[in-house]
Structure formats: structure tokens, C-alpha cells
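Coordinate-derived values only; no laboratory data. If you're wondering where the values come from, they're calculated on a predicted model, not measured in any experiment. So basically every Cβ, Gly included, is an ideal-geometry build from the backbone, and we count neighbours across all protein chains shown.
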Amino acid sequence: MKYFSKGKRGKIYLIKDIAVKKSLNKHIKNEVKYLKLLNKHNIGPKLLSYGKNYFKYKFIKGIFILDHIKLSNKNNIKKVLVNVLKQCRVLDKLKINKLEMHNPYKHIIIYKNPVMIDFERCYETNKPKNVTQFCQFIISNNLKNLLKEKGFKINRKKLIKSLINYKHNQDETNFREILRLIQL
């Protein structure tokens with residue numbers, strides 16, 4: 001087992017293409033709980049096994065979302081943003097809040113498709129905010145200029161209005177409007 005990385009709540013080791021995350025039991029328990037559920041919806045890295053203070057999952061070889069956006073063309077970026085938003089929509093429908101989606105630099109890895117990682121802080125709520133938080137990231141100062149350089153013409157005022165509508169009524173119509181505005 002080879003040391004790979006350290007986060008705020010744990011360490012990650014590699015055994016070939018398998019990652020082993022070690023942390024406190026309460027963090028592991030929570031992350032395993034949500035990975036089991038979300039893997040059924042093709043979200044997150046594939047959970048392989050777990051124990052009291054660790055779990056194993058399929059290692060995601062790829063690059064973080066911001067690096068991908070910097071290196072990709074508009075069509076590839078659009079596919080990634082739409083895919084992540086659809087994953088966020090599933091989380092919202094399941095009434096799960098992931099957190100970190102307004103600042104997902106190290107929480108989304110792009111290989112062939114985007115894969116969300118780090119679910120130890122997930123919790124259930126009647127008002128999940130995954131779609132709205134990820135859109136905050138899209139229109140943030142860190143990303144809006146980069147997206148503009150790549151050819152995006154996202155109308156910030158219209159998107160914020162759509163996000164407010166979605167916040168009050170998380171239905172498919174409001175979600176489709178957000179997707180439409182992101183893809184311009």
C-alpha cells in the first residue's frame with residue numbers, strides 16, 4: 001500500500017487501481033452509507049469493500065474539474081457541466097446535500113465522465129442545494145471569465161432568477177431551464 005494523499009478528515013493510499021481511504025469510524029460510516037446509495041445511481045467512485053476505519057473504492061485516474069475546463073474546448077466543457085448538474089439533480093431528488101459543490105475543485109475528477117468524490121459530509125435534508133451550489137461555482141469569479149474565454153455566454157441575471165425558481169420548486173421544468181442557460 002502506497003501513500004497517495006491527505007485530506008481534512010483522512011488519508012488515501014493506493015494498491016494498483018484501488019484506493020483505500022482511512023479515517024475516523026464516524027466519517028467512514030457516513031461516506032460508505034452514501035456511496036452505497038449513490039453507486040446505485042452511477043454517482044461516486046465504485047465502492048469495493050469497507051471496514052471500521054477504512055473503505056476501498058475504484059481509484060479514479062483523471063484530472064480535477066478546473067484543470068479539465070482549462071484544457072478543454074467548449075463542447076467538452078458543456079458535456080461535463082451538464083453531466084455534473086444531472087448528478088447534482090439526482091442528489092437533490094434523493095434529498096441528499098453533498099456540500100462543497102460551490103467550491104468543488106477537488107471534489108470532481110474528470111476521467112471519461114465527471115466523478116464526484118468525498119461524500120463524508122453528506123446529509124439528508126428536505127432542502128438540498130447541490131444544483132444551486134454548483135451553479136454558484138459556474139458563475140463565480142474564478143470560473144466565469146474562463147468560461148467566457150471558452151465561448152460561453154451565460155446570462156448571470158437569468159441564471160440567478162432560474163436558480164431562485166428552482167430553490168422554491170425543484171421540479172424538472174425549473175431544472176431544464178437551468179441546463180438551457182448553462183449551455184449557451
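Overall shape of the chain was characterised from the C-alpha gyration tensor. The equivalent ellipsoid obtained from it has semi-axes of 29, 19, 12 Å, in decreasing order. A simple packing score, the average count of other Cβ atoms within 10 Å per residue, orders the peptides 59-71, 92-104 as 92-104, 59-71, with the highest score first.
Extension gain for the segment Lys144 to Asn73, taken as residue separation times 0.36 nm less the Cα-Cα distance, is 24.1 nm to one decimal. Amide H contacts for Phe64 (H built 1.01 Å from N in the peptide plane; partners 5 or more residues away or on another chain; cut-off under 5 Å): Ile110.
For the pair Lys161 and Leu184, the difference between a 0.36 nm per residue extended length and the Cα-Cα distance amounts to 6.7 nm.
Take the Cα radius of gyration of region 2-58 and divide it by 2.2 N^0.38 Å, N being the number of residues; the result is 1.05.
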